[in-house]
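Notes follow once the structure below has been shown.
The values are calculated or read from the model by the stated rules, or taken from the named source; none is laboratory data. All of these numbers come straight from a predicted model, not from anything done at the bench. Heads up, the Cβs are rebuilt from the backbone with ideal geometry, glycines too, and the neighbour counts pull from every protein chain shown. Just the protein is used for accessible areas: all its heavy atoms, side chains included, with ligands, DNA and RNA removed. Shrake-Rupley method; radii C 1.70, N 1.55, O 1.52, S 1.80 Å.
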Amino acid sequence: SLCSSSGYGLLMDTAATKRDEGLTAEELAAWIEENRLYLHHWFFSTDLSSYLRGGRISAASAIIGTALKICPLMTVDCEGELAPREKIRTKKRAISEMAKTMLAHVQDGADYSGKCIMSHSACREDAEAVAALIEKQVPQLKGKIEINNIGTLIGSHTGPGTVALFFMGDKRVD
């Protein structure tokens, strides 16, 4: 699927809609294969300790990043791997940048009428802040933005303070 977490859920939800529209199992498998790179996964973390414990950043990077209030903006790349995209200073700016990033990549821009799902790890207020910005910028969304908790597996890698956003957009590129 080249997806993870609620991104996989959004892909399966979209596939279920296609099934309900009459696609056969073979057509559905082909649709998933052809469209999986159009599903975007964007997330930021405000706590770098899990990245340090997992060996994804050095102790020096963790200390400096924490002191500078760095919230790395990351995505899932074309191979299904985590890829850092931008180092953002302060959570408030990360929240704003995530909404801007969606608007830059979402199908049909502000006229997007598909679903959007978010996940968070012990920071629902941050996810709600991103959702409010997106709902203001993209008024045609199909329903309210669904906000889920990040599960234990993903959460053990990203730690608390992580907000993730999933939507259908332009084709992912590395």
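Numbers for the structure displayed
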read-out: Gain upon complete extension [Arg124, Ser58; 0.36 nm per residue less C-alpha separation]; value: 21.0 nm
read-out: Accessible surface of Val130 - all protein chains present, 1.4 Å probe, nearest 10 Å²; value: 0
read-out: Order by protection proxy (mean Cβ within 10 Å, highest first), peptides 58-66, 90-98; value: 90-98, 58-66
read-out: Lys, Arg +1 and Asp, Glu -1 on Cβ, resulting dipole of the chain about Cα centre, debye, nearest 20; value: 880
read-out: Tilt relative to the chain, helix 25-35 - C-alpha long axis, 0 to 90 degrees, to 10; value: 40
read-out: Against the rule of thumb 2.2 N^0.38 Å, how large the Cα Rg of the stretch 93-174 comes out; value: 1.07
read-out: The stretch 1-133 - percent of accessible surface contributed by carbon and sulfur, probe 1.4 Å; value: 54
read-out: Subset of Lys115/Lys144; Lys92/Lys115; Lys91/Lys144; Lys100/Lys171; Lys92/Lys144 violating a 19 Å alpha-carbon distance limit; value: Lys92/Lys115; Lys91/Lys144; Lys92/Lys144
read-out: Calculated from backbone phi, Karplus (6.51, -1.76, 1.60) coupling profile of the stretch 141-155 in Hz, x at Gly/Pro; value: 3, 7, x, 6, 5, 7, 10, 10, 7, 6, x, 5, 5, 5, x
read-out: Average accessible area per residue (Å²) across the stretch 1-159 - probe 1.4 Å, nucleic acids and ligands excluded; value: 54
read-out: Gap separating the Cα centres of the stretch 9-51 and the stretch 57-107, nearest whole Å; value: 21
read-out: Rotationally averaged projected area of the chain (alpha carbon convex hull; nm²); value: 9.7
read-out: Virtual spin-label span in nm between Thr152 and Asp108, 7 Å along Cα→Cβ; value: 4.0
read-out: Within the stretch 15-174, percent of DSSP bridges classed antiparallel, to nearest 5; value: 85
read-out: Estimated 222 nm signal from helices in the chain, with DSSP H stretches of n ≥ 4 weighted -39500 (n - 2.57), rounded to 500; value: -13500 deg cm²/dmol
read-out: Protection-proxy order for peptides 150-158, 23-31, each taking the mean of Cβ atoms within 10 Å per residue, highest first; value: 150-158, 23-31
read-out: Three principal axis lengths of the stretch 54-102 [C-alpha, angstrom, descending]; value: 29, 28, 12
